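Undergrad: Supplied in structure tokens, the structure appears directly below.
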Amino acid sequence: MTRTVSDSDSVRRQNRGLVLGALRVNGAQSRTALASLTGLSHASITAITQDLMAQGLMRELPAEKPDGRSRGRPAVLVDFVRTAAYAALFEIDVNRLRLSLVDYGGVLVDRVESDIGPTTFAATSPTQLLTERLAVLASRNPASAPRLRRIAISVQGILDREGCRLKWSPIARLADTPFAAELAEETGIPVTLHKRGRLLAEGVRWLDPDLHEASVATVFVGSTVGMGVTFKGQILGRDDGGATEFGHMNHAPNGALCRCGMRGCIEAYAADYGVLRTAYSVPESAAPAPAVPAEQYRALMQRAEAGDRAAAHAFNLAGRAIGYGLSRMLAIYDPSHILIVGPGAQALELMRSEINQALGNSLVGKINGNPSIVAHRDEREPVFRGLMMKTLDNIDQSEFARLASGERAGKAA
């Protein structure tokens, strides 16, 4: 008897999860469309949607007026109740901290941004700064606070295998501090850490429907060099803590010094500080600049485009490092598309010839031809979208799919 109840609960939770997932991916749908998307019967869809509406998670949208071109009544659509839950999304990189509040329907409610630098977390602990930013957001949106279900944080660096702690980061004084656990204890809300490269791959799938089921390598080039990859629409990597460390793949043994402390990494040549170092003929053994202002990086691009040999050489070396890294990747993974995102996307044409030459020198490149390489200049939207969708899906599947009949979605656990 216990086994039967357990199995029944498991099937119920799975079916509710299917409906919430279909709605999350496809937006507002009719019950007939949900049946088609999930493979569930119309009777099951009716029962599940009634249950979700009673719990305050789903609502019916007003039916559109007939336009005379179709017979019968228009289909009634169901969608999320936007105020059922909220999520706070932090994006932290070497220059910036951005905090966004999104509702259960995936709509941006509010956003606050702060500049950060090499000394930010020396003066203020990560936990203190994040707590202060959350307090600002809560003061501006008091109605959302009781329904805040998740705090999710996008970070640059290497997470532990459990994805709970940052083991290394280019962001000074952020690694090896238990800020996620401390923030969860401080707020009483679950906190998750996510690797930015993986979120890039996740976000690209949501932003471009043509790439949703494709094999894509998304390469971030800017203050660091990172990568997220999908294989036929599925994210690759051990887990959120794994993903890939493309920027720290060795390009030149005993070569230029990287921010990670190793020598010869792709990033040491292709990140903004690597390009700056090469353009000004600074020795490769010199410590990388802690941060490169965006205007200085753009000025280097303008110099290269104007024919400055030193600047052009710097971007050539950056393209060569990225290209040979990609050519090694092609030996084990053959994407149909390579997306270059971040500030370095603006310099793609300065690097393209070296990237193409390196790819053409690989066996897979010679046989299959080079994959399509395109620039997506704003990396923030893919990262934000990937973080939002991952967090809302986590709320769907881990909390709301398991609610018992008659139990309403209440305050954050």
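The values are calculated or read from the model by the stated rules, or taken from the named source; none is laboratory data. Source: prediction; values computed, not measured. Positions of Cβ are generated from backbone atoms using ideal geometry, with glycine treated the same way; all protein chains shown enter the neighbour counts.
Undergrad: Can Ala294 be described as surrounded by fewer than 17 Cβ atoms within 10 Å (Cβ to Cβ) and not assigned by TED's automatic domain parsing to the domain that holds Leu174?
TA: Spelling it out, Ala294 is indeed surrounded by fewer than 17 Cβ atoms within 10 Å (Cβ to Cβ) and not assigned by TED's automatic domain parsing to the domain that holds Leu174.
Undergrad: Out of (1) on the phi > 0 side of the Ramachandran plot; (2) of a type outside the set (Gly, Ala, Ser); (3) buried (at least 20 other Cβ atoms within 10 Å of the Cβ), the odd one out for Leu101 is which?
TA: (1)
Undergrad: Could you list, ordered by first residue, the pairs with Cβ atoms under 6 Å in which the first is in the stretch 162-189 and in the same structural domain as Ile151 (by TED's automatic domain parsing) and among the hydroxyl-bearing types (Ser, Thr, Tyr) and the second is assigned to a loop (DSSP other than H, G, I, E, B) and buried (at least 16 other Cβ atoms within 10 Å of the Cβ), at least 6 apart or interchain?
TA: Between residues of the stretch 162-189 that are in the same structural domain as Ile151 (by TED's automatic domain parsing) and among the hydroxyl-bearing types (Ser, Thr, Tyr) and residues that are assigned to a loop (DSSP other than H, G, I, E, B) and buried (at least 16 other Cβ atoms within 10 Å of the Cβ), the close pairs are Ser169/Gln156; Ser169/Gly157; Ser169/Ala175.
Undergrad: Look at Ala358 and say whether it is more than 30 Å from Val191 (Cβ to Cβ) and touching a residue at least 40 places away in the same chain (Cβ under 8 Å).
TA: no
Undergrad: Which fully enclosed helices (runs of 4 or more DSSP H) of the stretch 306-412 have 3 or more residues being surrounded by fewer than 20 Cβ atoms within 10 Å (Cβ to Cβ) and not aliphatic (A, V, I, L, M)?
TA: Filter on the stretch 306-412 gives 309-330, 348-360, 380-398.
Undergrad: Let me ask something else about it. Filtering the stretch 110-140 down to residues that are within 21 Å of the chain's Cα centre (by Cα) and surrounded by 18 or more Cβ atoms within 10 Å (Cβ to Cβ), which residue is farthest from Phe384 (Cα to Cα)?
TA: By that ranking, first place goes to Pro126.
Undergrad: Which numbered condition in (1) assigned to a helix (DSSP H, G or I); (2) over 23 Å from Glu185 (Cβ atoms); (3) hydrophobic (A, V, I, L, M, F, W, C) is the only one that Val109 fails?
TA: The one condition Val109 does not meet is (1).
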